[in-house]
Amino acid sequence: MDMPFYLENVSHRYSDGTLALEDVTMSMKRGERIALLGPNGSGKTTLLLHLNGILKPTSGKVHFDGKPVEYSSKALLELRRRVGFVFQDPNDQLFAPTVRQDVAFGPLNLGQSAQEVRRVVEEALDTVGMAEYAEKPPHFLSFGQKKRVALAGVLAMQPEVIIMDEPTSNLDPRGTSEILHLLLRLSRERRISLILATHDVDMVPLFADRLYILNKGRVVSEGTPRELFSDTQLIRSVNLRSPRITHLFEVLRKEDGVPVDERLPLTIGEARREVLRLLGILQDDLTGGSEVVSPWRHHPPIKNKRG
Ligand SMILES: Nc1ncnc2c1ncn2[C@@H]1O[C@H](COP(=O)(O)OP(=O)(O)OP(=O)(O)O)[C@@H](O)[C@H]1O
Ligand SMILES: [Mg+2]
């Protein structure tokens, strides 16, 4: 069955009585990139913790790879090898005396040979660009560097699914963009399925095939970024916002009567095409001809579909 995760009516009540998830049904196809969006306290972290068995549903079921998740320690070990979790705060994840030892911890526990462990650790540190920090104690690293090491630790297990809780929180713009591109590369080159919780709505359209919007522990909507961000009422009703660039085009349409396409641009790349299209129309109207004439003929061709 080509579906790593299927959550069936999952509810979770913490021991103090808080109902953090209520009747959540969601699915994830192999290789898919999913973003969970929702205000603070909406249940995103609680949901993610169900995916690798850290939390168990109070009611409902989590299925992984076509089978209900079992909670014996042996089954959980296997689940956690296949489903890696990068916590929001890397300080909750890193504990070994050096970066290398930290990343090697998982593979060593799997009983891999020293040579194999060395290989996967080198590769994982290379992938996240942290090879030169291998001998450093993790607690001397910056937050962004720790986050990469935590991701390397997960990659060293060669997982099928990676879960990340707020992968870009507390990262500078460059760190954010690097993590985003790294995740996209992992998804494209290794077909790792990715699911992340985030508040970074500007990043979501670049990253996600599909989103789930959570509010008060419930899934209030599911769809592509285009479908969900077009529903501005929904987005506002759950205290979220659209990507900034989308908002700009919404204002241009509403306030200035600019004939912006119904499907508002979600990314800089889409906005760029829309602006050029609008400029073309303008030229067209002025000349009365049918050819779309851009005043910047020598513009590089626009290829990038997602950017
Ligand atoms: N260990 C716990 N015990 C009791 N209640 C908890 C516990 N962890 C979380 N909660 C509650 O469960 C609800 C969902 O919390 P959760 O951390 O899943 O939200 P979130 O969407 O990840 O929020 P944020 O965007 O702030 O990270 C909140 O009301 C929170 O107070
Ligand atoms: Mg959270």
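Count, please, the residues in the stretch 127-137 that happen to be surrounded by 14 or more Cβ atoms within 10 Å (Cβ to Cβ) and either outside the structural domain of residue 99 (by TED's automatic domain parsing) or of a type outside the set (A, V, I, L, M, F, W, C) (or both). First the steps, then the outcome.
From the stretch 127-137, those surrounded by 14 or more Cβ atoms within 10 Å (Cβ to Cβ) are 127-128, 130-131, 133-134, 136-137; that's our starting set.
Filter once more, so that each one left must be either outside the structural domain of residue 99 (by TED's automatic domain parsing) or of a type outside the set (A, V, I, L, M, F, W, C) (or both): 127, 133, 136-137.
Here the count works out to 4.
Scan 11, 27, 15 and give me the residue that is of a type in the set (S, T, N, Q), within 16 Å of ligand 1 (Cβ to nearest atom), in contact with a strand residue (DSSP E or B) (Cβ under 8 Å, 6 or more places away or on another chain) and in the same structural domain as residue 154 (by TED's automatic domain parsing). Spell out how you get there, then give the answer.
On the way: 27 fails: within 16 Å of ligand 1 (Cβ to nearest atom); 15 fails: in contact with a strand residue (DSSP E or B) (Cβ under 8 Å, 6 or more places away or on another chain).
The conditions single out 11.
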Within the stretch 185-220, residues being assigned to a strand (DSSP E or B) and buried (at least 18 other Cβ atoms within 10 Å of the Cβ) number 13
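Here's the yes/no breakdown for (1) out of contact with any helix residue (DSSP H, G or I) (no Cβ under 8 Å at 6 or more places or on another chain); (2) surrounded by fewer than 22 Cβ atoms within 10 Å (Cβ to Cβ); (3) modelled with pLDDT of 95 or more:
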residue: 42; (1), (2), (3): yes, no, yes
residue: 45; (1), (2), (3): yes, yes, yes
residue: 49; (1), (2), (3): yes, yes, yes
residue: 61; (1), (2), (3): yes, yes, yes
residue: 64; (1), (2), (3): no, no, yes
residue: 68; (1), (2), (3): yes, yes, yes
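Check 145, 115 and return the single one that is assigned by TED's automatic domain parsing to the domain that holds residue 22, outside any loop (DSSP other than H, G, I, E, B), without any contact (Cβ under 8 Å) to a residue 24 or more places away in the chain and crowded, with 18+ Cβ neighbours inside 10 Å. So that I can check it myself, show each step before the final result.
On the way: 115 fails: crowded, with 18+ Cβ neighbours inside 10 Å.
Answer to the check: 145.
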Among residues of the stretch 129-145 being touching a helix residue (DSSP H, G or I) at 6+ places or on another chain (Cβ under 6 Å) and either modelled with pLDDT of 95 or more or of a type in the set (S, T, N, Q) (or both), the residue farthest from residue 94 (Cα to Cα) is 131
In the stretch 153-171, anything more than 27 Å from residue 42 (Cβ to Cβ) and out of contact with any Ser or Thr (no Cβ under 7 Å at 6 or more places or on another chain) is listed as 153, 156, 157, 158
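Restricting to the stretch 20-58, and then to whatever is in contact with a Gly (Cβ under 6 Å, 6 or more places away or on another chain) and part of a strand (DSSP E or B), can you tell me which residue is nearest to ligand 2 (Cβ to nearest atom)?
Residues of the stretch 20-58 in contact with a Gly (Cβ under 6 Å, 6 or more places away or on another chain): 20-22, 43-44.
The next check asks that each one be part of a strand (DSSP E or B); those that pass are 20-22.
Details: 20: 10, 21: 12, 22: 16 Å.
Per the criteria, the residue is 20.
Determine, yes or no, whether residue 168 is crowded, with 16+ Cβ neighbours inside 10 Å, away from ligand 2 (no atom under 16 Å from the Cβ) and at pLDDT below 95.
On the way: crowded, with 16+ Cβ neighbours inside 10 Å: yes; away from ligand 2 (no atom under 16 Å from the Cβ): no; at pLDDT below 95: yes.
Here the answer is no, as residue 168 does not meet what is asked.
Residue 191 - would you say it is more than 16 Å from the chain's Cα centre (by Cα), modelled with pLDDT under 95 and of a type outside the set (Ser, Thr, Tyr)?
Working: more than 16 Å from the chain's Cα centre (by Cα): no; modelled with pLDDT under 95: yes; of a type outside the set (Ser, Thr, Tyr): yes.
Here the answer is no, as residue 191 does not meet what is asked.
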Of the candidates 90, 137, 97, the one satisfying the condition of being farther than 25 Å from residue 168 by Cβ and not small (Gly, Ala, Ser) is 97
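In this structure, is residue 111 away from ligand 1 (no atom under 16 Å from the Cβ), among the small types (Gly, Ala, Ser) and closer than 30 Å to residue 26 by Cα? Break it down into steps so the answer makes sense when it comes.
Numbers: away from ligand 1 (no atom under 16 Å from the Cβ): yes; among the small types (Gly, Ala, Ser): yes; closer than 30 Å to residue 26 by Cα: no.
No, not satisfied.
The values are calculated or read from the model by the stated rules, or taken from the named source; none is laboratory data. It should be emphasised that the depicted structure is a prediction, and the values quoted were computed from it without experimental measurement. Don't worry about glycine lacking a Cβ; one is built from the backbone with ideal geometry, like all the others, and counts go over all protein chains shown.
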